[in-house]
Each structure stands twice: as C-alpha cells, then as structure tokens.
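The structure appears right after this line, and notes come after that.
Computed from the coordinates by the stated procedures, all read-outs in this text should not be read as laboratory data. Since the model is a prediction, treat every value here as computed from it, not as a measurement. Neighbour counts are summed over all protein chains in view; Cβ atoms, including those assigned to glycine, are modelled from backbone coordinates with ideal geometry.
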C-alpha cells in the first residue's frame, strides 16, 4: 500500500486555494481528444503522493473554476464557504441518513431544517426530505400525487389504472419528461401548456386543457407549476393555478428549484404568492443560494404521506424492537437506502448567516440582476428578450455592429442564431466569461446571464461581463459562421 | 453579513481531527428528546464564527464516529483518506457533471473510471454512469430492462403493456420493492424466490417460477441476482442464473453493491463468476471499498442504450450547435440534471493505490472476516448462523451463560430474539461497538459483523469486539427482557 492518505488530506486546502486563486483562469479550454492526451488518468499502477498531487493539480488546471464571478454558465455558481465547510465535515463524518442510531444529530438537523423551510414556504403541517437534486425531487412529487390518488398503485402498479396526465408549461424543466418515462406514465402523458410572453404558464389554457381531458375520461393527476423557469426565470401565477387545482381536485406541485430562493427575502417573497397552497414543492438550495451540490429539498403538505407512500419496512434496518423511539428512523420515507446528510451544509450556512443574512444576499442578487438588465437595455448592440424580470435571469442578444443596419428578416435571425454560439465560443476560449445560450420557442439563440449569491458580485463586474460580450461579439465575422 | 466563511474553512481539518481523535468515543448516545434539548439547532439568528464552531463541535460530539474500527453497524465504515481528499476537492470545485464544457476533466475521469471498471467486471463493450446510490442504480436497471423489451414505454407508458415481473431472492435488498412501486409495476410484480441455507437464490425455483409465469402469459422482465446479500453476504450462482436468463430471454441484473468489491482481488473474483454475462450491474464503492458516500456505479452491457433510454434532449443544455464534440456531453444519459462528480474521489483512491493496492485491501478484509468467523466458531457462547462465508459478513448469536443449559425450544428462541437487541443496546450505550442485528427468515435476531477496507482492522481489534459482546451479553438478565 502506498503513501499516507492522511498527509494528503492536510494539503487539500492549499491545493484548492492555489488552483482557485485570483490569477488562475476561469477555464483553459481543450477539446476532448486534446485533453485526453494531456491528462494522466490511468489508475492501473499506484503513484506516490507527490505524483498524485501533480496529477490532481493537472486535472484542476483544466477544470472550470465555478467559484469565479465570471462563471455564469448554469443556475449555480460559487459555494457559500460556510456551506463548503459543512460539506467537508459531512464527507469526513461519512454518515448515511437512514436511522437515528447512526445519524442522531444529523437526523435532528434534517428535521429542524425541514421545519424551518416548511414554515418559510407557508406550510404549517408538512413533511419533507433532502434528495439528490431537483429531478429526483420531481419523481418524489409525481409518486406522491399518484399514491394519494390511487393508494393501490403501490402494490398493483399502473396496469389497471386509468390514463393519468401531468400538466406543465412549455418553458418548464425537462425533468418532467424523464419522470413521466421512468414512472410509467410515458412522455405522451405530459400535457404541454403554452406560456405568455414572459414565460408564465397560460392559466386559461391550463384550465381548458384540464376540462377537456376530464371530458374525455382521462385523469388530470398533477399540475407542475414552475417558480423560476430555467431560462427566463419566470414564475407561474401560483395563486391562479392553486384555484384551478382546488377546483378540479388536481395535485399542485411547484418546481421552485430555482426561484424558491426568493422566499428568503420579504421583498421578493410575494412573487411566489400561492405557493403555500401547493401539495408539494421542490427547492434546490444548491442553485441560487450557493449550498454545495447536491442540496435539494422536497416538501409535501401531508404529514405521514411520504412514509406511507415510500416505506418498505426493511427488517434489517428499521427494526421495531430498538431501544429508542424509532419514529426518528426517518430513512424509510426515502426511495434511497444510503443517503447523504445534505441538510447539514445548509444548516451551517443558515446558522452562520441567519434569516436576515440570507435575505440580504437574495436582495443583492436581485439588485445586481436588475442592474444588469438596465445596463443591457441602454447599451448599443444589446437587446433584451423579455422585459419583465422575476428571478435573477437576464436574457438578451448581442447584435454585432455589422448586423445592426440590416433588415431583421428570417435570414437575419438565422444569422443571429449562429452568432450567439460563436460569441460564446470566443468568450470561453479567451476565458473571459462562461455564459449560457439557448433558443426558446420562436426566439433564436440568445444569452442568459443568471445571478447567484456567491461570489457576491459587484456592478463593475457586471459591466466587465458585458464588455467581454461586446468585444467578442465584434470579433465575429460572416466568414466565421 | 457575518464573519468570514473562508477562515472557517481553514479550521475544518482541525475540527474534524479533534472530533475524530483516538480518545473521542464512538458514540455518546442520547435519546432523541434529550439530544434535541442539548443541541442548539435554531438558525433564525446569525451567530459568530466562534459560536458556530461551538455548535458544530457539539453536533459532532453527539454524532457517530464512523471512522473507528468499532463502527460495524452498516455496510460502510471509515473512508479512504485519498477518497476523502477527492471528495473535498470535488465539493470545493462544485461541479455538475452534465456537459463537457463545465466539467471537461471530470467528464473524462468518469469515462475513464467506467472503462476501467467495466473491464474489471468483464464487460468489453458497455456503458455506465455514477448514480446517487444503489437503490437509484436499481431504478436505472429496471428502466433499462423495460425500455429494451418495450421501447414504446418511453412515450406511451405502462398502460398498454402486459404484466411484467421482476424476480429476486428472499434475501435480496428491499430496494427492488421501492423500484417496483415507483416505476409503476407495483410490489406484487416482484416474485420472491426462496434461498438456500447459505442465502443464495434457489436456481431451480427461479427456473420454474419463470416458466410458470410465462405459461400464464405474463412477461418475466428481469432477474435481480445478488452478489453479496445485505445480511449474510451471499452471492447467488451467477453462472446458473445467466444460463436461465439467456434461455428465457430475461434481463439479468446483478446487485453487486456490496460484493462487487471482491472483483478487485484475483483471489476473490471467481466467487462472482458469471457476472460478465449480466445485462446490467450495480456496484457501490462507497460500501466495502471506503469511497466517501455517495459513490455508486451502474453498468450496462449495451452501448448507447442509456442515452437512448433516458435522453430528453433539452435544448438549453445539450445544444447540438456547440463548438466541441457534443458526444462528450454525457448528462442526458442520466435521470438527474445536476449530478455530482462522484467518479473523481474514486479515481483519486484508485490512482493512489493502483489495482494491486485495492486488491491487497480486499484480501485483508476477507482475511480479517475469516479470522472473526473462526474465532466465533471456537468461542464458548458464540454460535454462527451460517457456515459458509462469501463476502466479509459474519452472522452469529451470543448466548449468555444463563441460557446455555436450557432446552432450545420455541420459548428459548423468543428469548434469544430479545437478548440480541438488548446486547446491542448495552454495546451502544457503553460505546464499545456498534453492530447490526436482524432476524432473517426463521432465524431469530442475530448479529452481523461486516468488514470494510477502512480503517484497516487488526486481529486484536476483532477479539476486542467479541470480548465486548461477551461482556455485555453476560450483563443481560431475564428481568431486562
């Protein structure tokens, strides 16, 4: 056996700090084959600690420094350093969250965080669980909705049940399709409802779609409302959707994976009015709020439902003849057996900052996004895709000078569709900015800058980002496309 | 905002080392209500760094030190320090594993580890993915098997499909029931096959059960064979099961979450002969091998199947007009969107130790389990449940002196059923050992000591564990039961 791993552990902070220093680039992009040729990844033969350190540093040198302000490629960014401290401790204590006996304090912390979060979301008597991400939280929601409607599904499956439908907006996250496949509904059971210009689900269309399916004898099972769509950051009219769900007796789930963080601020919270009426909610503190990946909360209004729905009562783990109160063995609520103690890192962040600290970070994030939106609306060559901003997403095109005087016909838009990815390429290769781009509906490829709590971003940094886009945008020529 | 989280991060190693030192107990057990009263968990108001440190230390003081040799409560234990280093780096780099652009080096590392592991398991042309644990790996397996049999299920769901059955042994892990519920089969679609005395699935019964269901017009979809059952560590006869699956055209999955680690040693590997014929395999390096939680590999024989089965082709993430080879955007194979880079910590462990180092740890683990088994077979008052040992699980009763001369009738066994948990209680409260107990089939509550790679355990430590059991066992009186 080789070296002393404990010595290596003491070097980790230094390695991380050096590889994430101010002078290290955001990204040193290499194409896959190039990078394969550079990195020494083979594990067949043991290497010394010194050699391992060299290999690790090389891997990190070619990795993306997501902790930099200019990493704006996804709906996450840098981590909260208190959250990271919690993550490191959690890894070191290597605890699985199924029974009280192996995770006594961590079990209480999960329960405490769930209580605090449920209260924040206006659910007074609820339950919840931390899951490995928003897509799996959505699986929990659909399974719970189906079980509530047809408890027999647990033992007898879907075979003899009527056709059940899941309603979602055209701008909602794609995980609903994966859920429909995995859980046995099939993607054709997902009914896509149009959105308005701002990206909010059309409540009128939702209502008539539910009515139509009922008339055809099908079962509208769940409405998957979104609080913070992936691209535009739109928040559906949750109050109106709650009304419809109540009227038709349909399960209301709110995918607040992105926008749920706005609940942390009393200045922002009203945008999600109606969420307190949801049957279930998912929120990912690992997105905007900066908890280290993974940290996702699934909430449900009905106490006891998660356990009733998901329990398998394994004898070897959830023995009923233990010497303590086995109601604290919470693991049978989960579809997982072993489960990370993700609540702990969130607890550390929250304890360090308090409700007020997280509220301030929320407001700052929205302010910086507004600043960006305003700057873009005034800068020549930049054009916003939508005017309204609910979450800290700013969507826009950059139109290079040579395009500005041309007529904006179909061909022009096809060029813009190619120009956006080209600018992104130049930004990435020059390590100035990583920013998302995408088409949505009839909109051709545009940029999305989304803002997060960490690192705390200043206005001057936003102006630098826009400057970088402008510079790279002006380098694009027709010949490149 | 409060304090400086970065300063806190630099204290983590010290906090962890102090809370996990040789003099800290394995566990200071408090009942849930007592512990709630002790811990200061409220997060409403921000606290100073010093106060946070106090609270964190208190949480850790009442947490279980899973890194100690005497933590033998589950199928995991201490972490490999190289793996922990990898986990810390992964958390600090906070990377999601969906696209090459945000995770270039980590994507290549996942691919490299999958190649290396597939080869080790004898699958020459396969694919795979790291998942959040064995239960979710099993969901992947059932979804893949169903999609292979009925590709239309992805769009049309289970409604119009014939009744499909999942075969598993009575000693297999309970996650198959949760999978059957979640994926829309229903738990009644799980056919439980008897095991022999050693806990291996009866191949004869499997064969006749499949034949019987086919005769009744039902579809035998998958056999869930186990390589390393949870309690006895039994390995099903994979070669014989492969024959049956081939004969009937049934998907063969091997749940090697526990026993898969034996593949690391050429001395142990033959116990899993036939695994190379499986259609899919799950293995959890976070169990025996000591990768920090979570680290689970799902493997599938058919290249392309995972992508075809699970892809949703989200436009905003998996754009086809990127400037690099988008075949390296591997995230659409996953049911998750954001996904942790779990392969990296395994890569660091493997790189540090090489194939040979991991092989030695495997052999040592099996040797120490054999030593334990032998010691138990010779010690007065101890009695083995099964004679054969395939994985490093040792299952036994401790029979206190006052019980030894009595007749072993039904009443006697009912007493033993209560004595085992009582000994466990005394062991836990005195912080001498955490050990699992359970009934299985007709066997009344017995102990399971399971061994893992870390910390590396010496024979004297095993004898101390048995001594502790004996001591606590002798303290049990009839009045306590």
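What is the stretch A:338-393 by shape, rounded, prolate or oblate, if you read a ≥ b ≥ c off the alpha carbon gyration tensor as root eigenvalues and call it rounded for a/c under 1.5, prolate for a/b larger than b/c, and oblate otherwise? Show your work: numbers first, answer last.
On the way: a/c = 4.36, a/b = 2.39, b/c = 1.83.
Cα axes put the stretch A:338-393 in the prolate bin.
Using Cβ contacts closer than 10 Å as the measure, can you line up B:419, A:192 from fewest to most? Please list the in-between numbers first.
Working: B:419 24, A:192 17.
The fewest-first ordering by Cβ neighbours comes to A:192, B:419.
Which whole number gives the average count of other chain Cβ atoms within 10 Å of the Cβ atoms across peptide A:127-134? Show your work: numbers first, answer last.
On the way: counts 0, 0, 0, 0, 1, 9, 9, 3.
Mean partner-chain Cβ count within 10 Å for A:127-134: 3.
I'm checking a number: the convex hull volume of the Cα atoms of the protein assembly as shown, normalised per residue, in Å³. What is it? Let's see the in-between values first.
Working: hull volume 149.3 nm³, N = 962.
With only Cα atoms used, the protein assembly as shown gives 155 Å³ per residue.
Would you mind listing how long the stretch B:63-140 runs along its three principal axes, going by Cα atoms, in whole Å with the largest first?
Here the spans come out as 40, 32, 24 Å, largest first.
Mind checking the mean number of beta-carbon atoms from other chains within 10 Å of the Cβ atoms in B:36-42? Walk me through the numbers on the way to the answer.
Numbers: counts 5, 0, 2, 5, 1, 10, 5.
The shielding value for this peptide is 4.
For label points placed 7 Å from Cα toward Cβ, what is the shortest-first list of nm distances from residue B:212 to its copies?
Inter-copy label distances (nm, one decimal, shortest first): 4.8.
Taking 37 °C and 0.692 mPa s as the conditions, I'd like the Stokes-Einstein D for chain A in µm²/s, using the Kirkwood hydrodynamic radius from alpha carbon pairs. Could you put the intermediate results ahead of the total?
Numbers: Rh = 24.4 Å.
Stokes-Einstein gives a translational diffusion coefficient of 135 µm²/s.
Could you please rank A:309, A:257, placing first whichever residue has the fewest other Cβ atoms within 10 Å of its Cβ?
Details: A:309 23, A:257 31.
Starting with the residue having the fewest Cβ neighbours, the order is A:309, A:257.
Per q in 0.20, 0.23, 0.25 Å⁻¹, report the Debye log10 I(q)/I(0) for the stretch B:330-425, using one uniform scatterer on each alpha carbon and no solvent.
After summing over all Cα pairs, the log10 values are -1.01, -1.17, -1.25.
Tell me, what is the FRET efficiency for residue A:211 and residue B:383 to the nearest 0.05, using R0 = 56 angstrom and their Cβ-Cβ distance as r? Write out the running numbers ahead of the final one.
Details: r = 68 Å, r/R0 = 1.21.
It comes out at approximately 0.25.
Per residue of chain A, what 222 nm ellipticity follows from adding -39500 (n - 2.57) for every DSSP H run with n ≥ 4, rounded to the nearest 500? It would help to have the intermediate numbers written out before the result.
Working: 15 runs with 201 residues, N = 481.
It lands at -13500 deg cm²/dmol.
Tally the DSSP beta bridges in the stretch A:84-350 and give the antiparallel ones as a percent, rounded to 5.
Among the beta bridges of the stretch A:84-350, antiparallel pairing accounts for roughly 40 percent.
Over every pair of different alpha-carbon atoms in the stretch B:84-350, take the mean of 1/r and invert it; report that Kirkwood radius in Å.
18.9
For residue B:320, which inter-copy label distances result when the label point lies 7 Å beyond Cα on the Cα-to-Cβ vector, reported in nm to one decimal and in ascending order?
5.6
Determine one quarter of the surface area of the Cα convex hull of the stretch A:413-481, which equals its mean projected area, and express it in nm² to one decimal.
Working: hull surface 20.6 nm².
The directionally averaged projection comes out at 5.2 nm².
Between copies, how far does the label point of residue B:460 sit from its twins, in nm, shortest first, when each point is 7 Å from Cα along Cα→Cβ?
So the label point of residue B:460 gives 6.2 nm to the other copies.
Just counting partner chain Cβ atoms within 10 Å, what average do the residues of peptide B:461-471 show around their Cβ? Kindly include the intermediate steps, with their values, before the conclusion.
On the way: counts 0, 0, 0, 0, 0, 0, 0, 0, 0, 0, 0.
Partner Cβ neighbours, averaged per residue: 0.
Based on the Kirkwood radius over alpha-carbon pairs, what is the Stokes-Einstein translational diffusion coefficient of the stretch A:180-273 at 37 °C with 0.692 mPa s viscosity, in µm²/s? Before the final figure, lay out each step's value.
Numbers: Rh = 14.1 Å.
Estimated diffusion coefficient is 233 µm²/s.
For the stretch B:81-216, place one equal point scatterer on every Cα, skip the solvent, and apply the Debye formula. What is log10 of I(q)/I(0) at q = 0.13 Å⁻¹?
-0.81
With the cut-off at 1.5 for a/c, could you classify the stretch A:386-444 from its C-alpha gyration tensor as rounded, prolate or oblate?
Values: a/c = 1.88, a/b = 1.11, b/c = 1.70.
Taking the square roots of the gyration eigenvalues as a ≥ b ≥ c, the stretch A:386-444 is oblate.
Could you work out the equivalent-ellipsoid semi-axes for the stretch B:268-367, taking the square root of 5 times each eigenvalue of the Cα gyration tensor, largest first, in whole Å?
Details: eigenvalues 203, 60, 27 Å².
One finds semi-axes of 32, 17, 12 Å for the stretch B:268-367.
With Rg and the Kirkwood Rh both taken from Cα atoms, where does Rg over Rh land for the stretch B:355-480?
My calculation of the ratio gives 0.99.
Using the Kirkwood radius over C-alpha pairs as Rh, can you work out the diffusion coefficient of the stretch B:241-317 via Stokes-Einstein at 37 °C, viscosity 0.692 mPa s, in µm² per second? Spell out each step's value before the answer.
Values: Rh = 14.2 Å.
In µm²/s, the coefficient is 230.
To make sure I understand, if each residue's beta carbon is the centre and we count other beta carbons within 10 Å, what order do A:371, A:446, A:298 fall in, fewest to most? Each step should come with its number before you reach the end.
Values: A:371 17, A:446 22, A:298 26.
Going from least to most buried by this count: A:371, A:446, A:298.
Please list the equivalent ellipsoid semi-axes of the stretch A:6-133, computed as the square roots of five times the alpha-carbon gyration tensor eigenvalues, in descending order and whole angstrom. Walk me through the numbers before you get to the answer.
Working: eigenvalues 256, 87, 39 Å².
Working through the eigenvalues yields semi-axes of 36, 21, 14 Å.
Please state, to two decimals, what the Cα-based radius of gyration of the stretch B:308-380 comes to when divided by 2.2 N^0.38 Å (N = residues).
1.98
For Cα pairs less than 8 Å apart in space and 6+ apart in sequence, what is the mean separation divided by the residue count of the stretch A:84-350, i.e. the relative contact order in percent?
Values: 479 pairs, mean separation 76.8, N = 267.
Result for the stretch A:84-350 is 29 percent.
Calculate, for residue B:401 and residue B:429, the FRET efficiency according to 1/(1 + (r/R0)^6) with r their C-beta to C-beta distance and R0 25 Å; round to the nearest 0.05. Walk me through the numbers on the way to the answer.
Values: r = 21 Å, r/R0 = 0.85.
Approximately 0.75, to the nearest 0.05.
Once label points are set 7 Å from the Cα along Cα→Cβ at both residue B:36 and residue B:22, what is their separation, rounded to one decimal in nm?
The two pseudo-label positions are separated by 3.9 nm.
Just to be sure I understand: of the beta bridges DSSP finds with both ends in the protein assembly as shown, what percent are antiparallel, rounded to 5? Could you put the intermediate results ahead of the total?
Numbers: 44 of 82 bridges.
Bridges in the protein assembly as shown are about 55 percent antiparallel.
Give the Rg (one decimal place) followed by the Dmax (whole number) of the stretch A:6-65, computed from C-alpha coordinates and expressed in Å.
Considering the stretch A:6-65 through its Cα atoms, Rg and Dmax are 12.6, 35 Å.
Below 8 Å, C-alpha to C-alpha, sequence gap of six or more: please give me the relative contact order for chain A in percent. Kindly include the intermediate steps, with their values, before the conclusion.
Working: 829 pairs, mean separation 98.1, N = 481.
Answer for chain A is 20 percent.
In chain A, what percentage of the DSSP-assigned beta bridges are antiparallel, given to the nearest 5?
Within chain A, antiparallel bridges account for around 55 percent of the total.
Evaluate E = 1/(1 + (r/R0)^6) for residue B:6 and residue A:459, where r is the Cβ-Cβ distance and R0 equals 22 Å; express this FRET efficiency to the nearest 0.05. Walk me through the numbers before you get to the answer.
On the way: r = 23 Å, r/R0 = 1.04.
Step by step, r from the Cβ atoms, then E = 0.45.
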